[in-house]
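Working notes, structure below.
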Amino acid sequence: MNHMIRLSPVRVIGPDNEQIGVMETSEALRLAQEHGLDLVEIVPDQRPPICKIMDYGKHKYEESKKEQRARASSRSSELKEIRLGRSTKIDPHDIEIRIQQARRFLMDGHKVQVVQRFRGREMAHKELGIDNLRRFAQELSDISKVEMEPRWMGRQTSIVLAPDRSKIEAVKRRMEAASKDGAAEEQAPEAAQAPVEQTAEQAAEDQRIEKKRAEDERRKKNPVDAELDALLGE
């Protein structure tokens with residue numbers, strides 16, 4: 001980099017990846033300094049060597065970020081194993097529970113290995129175990145794809161399902177839309193109920209006014225009752 005580059009001339013690539021051409025190393029260094037950047041040898045084995053004008057510190061930072069993302073991605077994606085019991089005679093409800101477990105793994109971006117074991121004479125009816133694996137794959141086909149077809153190891157066989165990212169994104173979008181629709185439906189009855197409550201309050205007020213009007217009419221017709229009401233404080 002910079003003055004550590006011994007060979008001359010060099011082929012120079014500009015800061016915007018434009019081809020500048022072959023020039024003496026001293027001239028390339030001067031050009032890099034004019035841009036306030038570094039001259040970095042990127043292909044030293046070629047003749048003339050290829051150098052690029054760049055911000056070396058920024059380049060190293062971006063490279064370290066890429067490595068961190070790659071390591072994080074490799075850690076986040078794991079192979080999860082799900083076993084379908086110790087024989088092919090597994091209850092359909094138990095298979096459904098394991099399918100839902102596998103669905104959660106796939107939605108989180110993990111691969112799933114589904115293992116079917118065979119006991120005793122069950123090896124004579126391998127199709128029963130294969131059917132279980134096929135059902136598993138079919139139930140999860142909306143978010144996954146079969147990465148490895150049934151593979152035999154002794155008295156067990158297994159398949160590997162990998163998450164299909166495009167299908168998973170589509171499922172997540174549908175789930176978000178359904179969630180928004182559900183929230184809107186919950187708000188609608190509340191909005192519709194408010195006028196009803198207001199109408200009930202208005203009806204009670206009208207009834208009170210009507211009752212008072214009837215009392216006033218009664219008192220006008222019977223002065224004695226009016227005088228008694230006045231004495232009693234009514």
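What follows draws every value from the coordinates through simple rules; no lab data is involved. If you're wondering where the values come from, they're calculated on a predicted model, not measured in any experiment. Reconstructed Cβ throughout: ideal geometry from the backbone, glycine too, with neighbour counts over all protein chains shown.
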| query | With r defined as the distance between the Cβ atoms of ASP108 and GLU139 and R0 fixed at 25 Å, what FRET efficiency is calculated, to the nearest 0.05? | reply | 0.90
| note | For region 79-163, using Cα atoms only, the Rg and Dmax in Å read 12.0, 38
| task | Calculate one ³J(HN,Hα) per residue across region 11-24 by plugging θ = phi - 60° into the Karplus curve 6.51 cos²θ - 1.76 cosθ + 1.60, and present them in order as whole Hz with x for glycine and proline. | result | 8, 10, 10, x, x, 9, 6, 7, 7, 8, x, 8, 8, 5
| request: Would you mind counting up the charge near VAL112? Only other residues with Cβ under 13 Å from its Cβ, with Lys and Arg at +1 and Asp and Glu at -1. | output: +1
| request: Under a cut-off of 26 Å between alpha-carbon atoms, report the lysines in cross-link reach of LYS172, not counting same-chain residues fewer than 8 places apart. | output: LYS80, LYS111, LYS145, LYS180
| remark: Residues whose modelled amide H sits under 5 Å from the amide H of SER144, counting only those 5 or more places away in sequence or on another chain, are ASP164
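At 0.36 nm per residue, and after removing the present C-alpha to C-alpha distance, how many nm does the segment from MET123 to MET4 gain when stretched out fully?
On the way: separation 119, 0.36 × 119 = 42.84 nm, distance 6.93 nm.
Computed gain between MET123 and MET4 is 35.9 nm.
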| query | What does the charge dipole of region 1-110 about its Cα centre add up to, to the nearest 20 debye, if the Cβ of each Lys and Arg holds +1 and the Cβ of each Asp and Glu holds -1? | reply | 700 debye
| remark: Expressed in angstrom and rounded, the centroid-to-centroid distance over alpha carbons for region 74-152 and region 29-51 is 55 Å
